[in-house]
Amino acid sequence: MAISSTVLTTGCSKDQEDRQVLATVDDSEITVSDFEQDYVEYLIKTGRNDTRDQRYRFLNEMIDNLVLADEAIGQNYLSNPVYQDAIWYQKRKSLADLYFVDQMNERLEAPSDDEIRKAYAKSKRKVYVRHLFSKDKDKLNRYYQELEQGEDFVDVANEFYETQEYDSTAGYLGPITYFGIDENFAETAFSLNEGEFSKPIRTSFGYHIVYVEKVIRQAMLIESEYQVRKQGIENKLKQRRQALQANSYIRNLMGSLDVQMNREVLVNVMEEIQNLPSVKNIEQEKQADVEAATWNDRRLEELKLEVANESVLGTYVLMGERHEFTVQDYLYWLPYLPLNESRNRTGASVGRAMRNEVLMQLSQAKGYEEDERLENLVRKRGNEVLSDLYQQKLIQEALQDTTEMEISDEFKRKVVRSRSFNLETSYWKVPATSREEAELIRREIAAGAPPQSFPNYQFFEDITLSPSESDYAVIDEVRMGTPLVTKANLNQWAVINVKNRAFVETTPEDSTDRDLDRMYRVYTYLNKKVDSLRSETEITINRELFDEIYDL
């Protein structure tokens with residue numbers, strides 16, 4: 001789906017604490033929710049540790065960006081085409097997202113206290129499971145019949161996985177937690193008693209038969225702890241229910257629209273995408289990651305020149321009228337769709353785009369363009385773009401200054417420290433959202449599943465990693481040649497297999513004097529400009545609230 005799991009919680013049922021104002025920059029506000037969402041994403045991307053100082057630095061960077069955005073507005077950047085395009089795209093996406101979120105909430109009753117208590121109790125359990133996994137449902141059905149006839153699960157698992165000798169751990173996943181793994185898998189496992197197995201179920205990975213070997217329950221559930229965690233458990237329970245209902249809702253919605261596709265135009269678009277030089281060359285690019293590749297401006301402009309934008313890809317009936325979905329409509333949604341899917345499964349990609357278009361049109365019909373949540377999302381994106389545009393201007397100004405500068409020793413040390421040893425390596429990685437999910441992926445790969453078959457699979461061939469890059473520490477430590485579960489940084493688990501690695505010592509001379517001069521010139525110019533702008537801006541930080549959310 002184009003609607004991600006993170007979107008499922010956008011704009012709905014936030015805790016009152018999340019809406020508290022953490023900082024103000026003149027008339028702009030940074031809420032607890034704004035800060036925490038951006039900060040967690042930052043930690044995941046950079047691999048940095050969560051510390052009080054790191055949080056405070058990041059909050060000040062958010063403040064700096066608002067200060068720069070305000071200055072950009074004062075210098076008439078609101079008419080910049082890049083800014084205009086960005087908020088136009090963001091508005092369309094947010095309209096679709098918000099409508100979808102509200103539809104999910106309307107269809108799901110709020111969890112009762114009894115349901116929240118049961119979910120809390122499940123979250124305190126550990127369930128030890130085995131499973132049979134396959135992409136082929138028919139294969140699983142055959143082995144399900146054997147289990148139904150009374151065969152021992154471990155015996156069947158040995159047969160299923162074709163172990164060379166009897167393996168008492170065949171199909172063993174170990175302990176899983178209620179909110180730590182795929183929704184369908186967790187709901188199934190936690191509904192079984194010890195010694196029971198499930199019918200074949202479907203998850204985001206494929207098909208499974210789940211077997212519960214052991215359940216460990218907490219001896220006593222403490223009421224005071226439940227009350228503290230109740231809101232968080234309720235939100236997780238809502239998000240799980242939304243995820244379970246999302247696919248059903250989308251299927252029913254699109255099935256009601258009498259969609260008619262133009263196969264000839266669809267095939268033409270697919271061929272043009274596959275033949276684009278910038279797409280064909282992805283796998284040859286350094287640090288290429290085909291699965292995670294996106295439609296950047298260059299690729300979009302290249303595609304626009306090759307396709308007939310007004311050609312009709314398909315039609316659908318919405319609110320009593322038949323609407324055309326053109327190639328141009330598809331191009332509008334491509335920035336939010338996986339490039340690899342549009343290349344290899346163009347029909348599915350077009351279906352996602354049409355779905356987004358329908359959700360956007362329904363939201364417009366319901367008056368969502370006046371929704372305060374939409375305004376906030378668009379403003380946030382607009383400020384990000386304005387800050388970037390203004391920083392680009394400042395960088396150009398800094399580089400035009402030819403005055404001689406003496407580079408500080410502290411700055412040199414920063415550069416040298418981050419370039420002491422690089423890693424030359426080849427490896428693949430499959431990201432996961434939890435340890436349980438990563439372990440599930442590792443075992444499936446060990447049982448013969450190709451790593452390329454998992455969502456977000458990434459392959460890096462003959463690349464150079466610097467110590468500042470998030471994968472560096474992991475590649476430095478893991479054993480080569482074996483898929484292993486690792487945790488690179490906060491909330492980012494993965495299965496990694498290192499093919500080769502070699503350390504290459506670097507020296508300060510690797511950065512030429514000219515490179516250092518340019519970096520230092522930009523660094524000092526930006527800092528001086530930001531400090532000057534901050535001195536003219538009314539900035540407040542709620543330090544008591546900052547300490548409170550850190551101590552939670």
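Which net charge results for the neighbourhood of residue 219, defined as the other residues with beta-carbon distances under 15 angstrom from its beta-carbon, given Lys and Arg at +1 and Asp and Glu at -1? Value of the local net charge: +2.
In plain terms, the C-alpha convex hull of the chain casts an average shadow of 30.3 nm² when viewed from every direction.
The stretch between residue 547 and residue 462 holds 26.2 nm of extra length on full extension. This uses 0.36 nm per residue minus the Cα-Cα distance. Taking each of 91/393; 91/380; 118/238; 304/393 in turn, the alpha-carbon distance tops 20 angstrom for 91/393; 304/393. Charge tally around residue 205: other residues with Cβ under 14 Å, Lys/Arg +1 each, Asp/Glu -1 each, net -2.
Taken along the Cα-to-beta-carbon direction at a fixed 7 Å, the label points for residue 204 and residue 527 span 4.1 nm. Rounded to the nearest 20 debye, the dipole magnitude of the chain is 1020 debye, with +1 charges on Lys and Arg beta carbons, -1 on Asp and Glu beta carbons, and the Cα centre as origin. Comparing 193, 177, 149 along the charge dipole axis of the stretch 141-204, the residue lying farthest to the positive side is 177, per the Cβ-charge model.
Couplings 3J(HN,Hα) for the stretch 71-79, derived from phi with the Karplus relation 6.51 cos²θ - 1.76 cosθ + 1.60 (θ = phi - 60°), are 5, 4, 4, x, 9, 6, 6, 5, 8 Hz, where x marks Gly and Pro.
Projected onto its three principal axes, the C-alpha set of the stretch 125-216 covers 33, 24, 23 Å, listed from the longest axis down. The residues packed around residue 173, meaning those with a beta-carbon under 9 Å from its beta-carbon, carry a net charge of 0 if Lys and Arg are +1 and Asp and Glu are -1. Protection proxy ranking, highest mean first, for peptides 429-442, 72-85: 429-442, 72-85, where packing is the per-residue count of other beta-carbon atoms within 10 Å, averaged. In whole angstrom, the stretch 260-366 maps to an equivalent ellipsoid with semi-axes of 26, 15, 11, each derived as √(5λ) from the alpha carbon gyration tensor and ordered largest first. Based on the Stokes-Einstein relation at 4 °C and a viscosity of 1.567 mPa s, and on the Kirkwood radius from alpha carbon pairs, the stretch 22-174 is assigned a translational diffusion coefficient of 58 µm²/s. Rounded to the nearest Hz, the phi-derived 3J(HN,Hα) couplings of the stretch 165-179 under the Karplus curve 6.51 cos²θ - 1.76 cosθ + 1.60 (θ = phi - 60°) are 9, 4, 10, 5, 9, 4, x, 7, 9, x, x, 10, 10, 4, 9, where x marks glycine and proline. Mean residue ellipticity, 222 nm, helices only, the chain: the sum of -39500 (n - 2.57) across DSSP H runs of n ≥ 4, divided by residue count and rounded to 500, is -16500 deg cm²/dmol. Full extension of the segment from residue 139 to residue 109, taken as 0.36 nm per residue of separation minus the current Cα-Cα distance, would add 7.1 nm. Each residue of the stretch 519-526 was assigned a 3J(HN,Hα) from its phi angle through the Karplus curve 6.51 cos²θ - 1.76 cosθ + 1.60 (θ = phi - 60°); the sequence is 4, 5, 4, 5, 4, 6, 5, 4 Hz, with glycine and proline shown as x. Potential lengthening of the chain between residue 271 and residue 164 amounts to 34.1 nm, from the contour at 0.36 nm per residue minus the alpha-carbon distance. Identify the residues of the stretch 393-411 with backbone N under 17 Å of a label point that sits 7 angstrom from the Cα of residue 517 along the Cα-to-Cβ direction, or state none. Zone members listed by number: 396-409. Report note on the peptides 536-548, 351-363: ranked by the mean count of other C-beta atoms within 10 Å, highest first, their order is 351-363, 536-548.
Read-outs throughout are calculated quantities, based only on the coordinates presented, and are distinct from any laboratory measurement. Remember, predicted model here, so these are calculated numbers, not experimental data. Cβ: placed from backbone, ideal geometry, glycine included. Neighbour counts: every protein chain shown.
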